[in-house]
1. Helix 134-152 against the longest principal axis of the chain: what's the angle in degrees, Cα atoms only, rounded to the nearest 10?
2. Could you calculate the FRET efficiency of SER55 with TYR131 from 1/(1 + (r/R0)^6), where r is the beta carbon distance between them and R0 is 22 Å, rounded to 0.05?
3. Going from the alpha-carbon gyration tensor of the chain, what semi-axes, largest first and in whole Å, does one get by taking the root of 5 times each eigenvalue?
4. Where a Cα-Cα gap under 15 Å defines reach, which aspartates and glutamates qualify for LYS121, not counting those fewer than 8 residues away within the same chain?
5. Which of the peptides 130-139, 163-172 is most tightly packed, and how do the rest follow, judged by the mean count of other Cβ atoms within 10 Å per residue?
6. Would you please classify the overall shape of the stretch 1-43 from the alpha carbon gyration tensor, given that a ≥ b ≥ c denote the square roots of the eigenvalues, rounded means a/c under 1.5, and beyond that prolate means a/b larger than b/c while oblate covers the rest?
7. Give the residue from LEU30, TRP158, GLN144 lying farthest towards the positive end of the charge dipole for the chain; charges sit on Cβ (+1 for Lys and Arg, -1 for Asp and Glu) and the dipole is referred to the Cα centre.
8. Could you provide, to the nearest whole Å², the per residue accessible area of the chain with probe 1.4 Å?
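The values are calculated or read from the model by the stated rules, or taken from the named source; none is laboratory data. Computed from a prediction, not measured in an experiment: that's the story for all the values here. Counting neighbours? That spans all protein chains shown, and the Cβs are built from the backbone with ideal geometry, glycine included. Surface accessibility is based on the protein's heavy atoms, side chains included, excluding ligands, DNA and RNA. Shrake-Rupley method; radii C 1.70, N 1.55, O 1.52, S 1.80 Å.
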Amino acid sequence: MNLQNLFGLQKQLDEHIEKKHPRKEGEDRLSKKILTLQVELAECAQESRCFKFWSHNQEPRIKDYKQIKCKWCNGSGDDGTGVCPDCRSSGDVYKEYNPLLEEYVDVVHFTLSVGLEIEIKHEIFPEPINYGDVVIQFNELFGQISYFASILNRENDWEEVESEYERIWSLLFGLAGLLGFTWEQIEQAYLEKNEINHQRQESGY
């Protein structure tokens with residue numbers, strides 16, 4: 001899995017965000033990105049429902065419908081029938097999407113952004129680490145991100161920082177396999193979300 005193209009696209013998005021939201025004096029944006037990464041990972045776990053032992057519904061959220069504007073008249077498409085209430089055309093009013101994949105891709109976005117923030121200096125080609133159980137995989141990822149954050153706050157050598165950062169990717173790739181995602185699906189979903197994120201910056205999100 002070659003991440004270099006995604007790093008390039010994320011760099012453009014991060015620069016767009018920096019332009020719209022300049023850093024305040026003394027702001028520790030790296031710490032904010034790491035916390036955001038953990039929050040996004042929690043949201044991914046939430047959509048996986050893998051830990052909800054108290055519920056009979058433990059199936060991952062892999063299918064839902066997102067309201068979109070009608071491509072014919074740009075109408076609201078808000079009547080829930082799949083027919084635009086403005087021009088009465090059918091289709092292209094609601095779009096099926098995968099909430100679990102979308103949350104996973106948010107994790108990818110911020111993992112890339114953290115790498116750019118620490119100025120990762122070499123290309124990384126991580127091998128997936130797969131613990132064979134989704135719950136364990138999530139717990140390992142949370143632990144790895146926390147450990148990575150802790151070594152940034154003490155004297156360390158750069159090789160350790162790069163190694164522990166790359167391990168985040170290995171665990172993240174392992175999680176993708178456990179969730180049933182292919183790299184092609186992840187890349188396509190990343191491209192779609194990246195475009196949305198650019199649009200959000202322009203709309204004052």
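1. The answer is roughly 50 degrees.
2. With a Förster radius of 22 Å, E is 0.45.
3. The three semi-axes for the chain are 33, 23, 15 Å.
4. LYS121 reaches ASP157, GLU159, GLU160, GLU162, GLU164, GLU166.
5. In descending order of packing, they fall as 163-172, 130-139.
6. oblate
7. So the residue we want is LEU30.
8. 57
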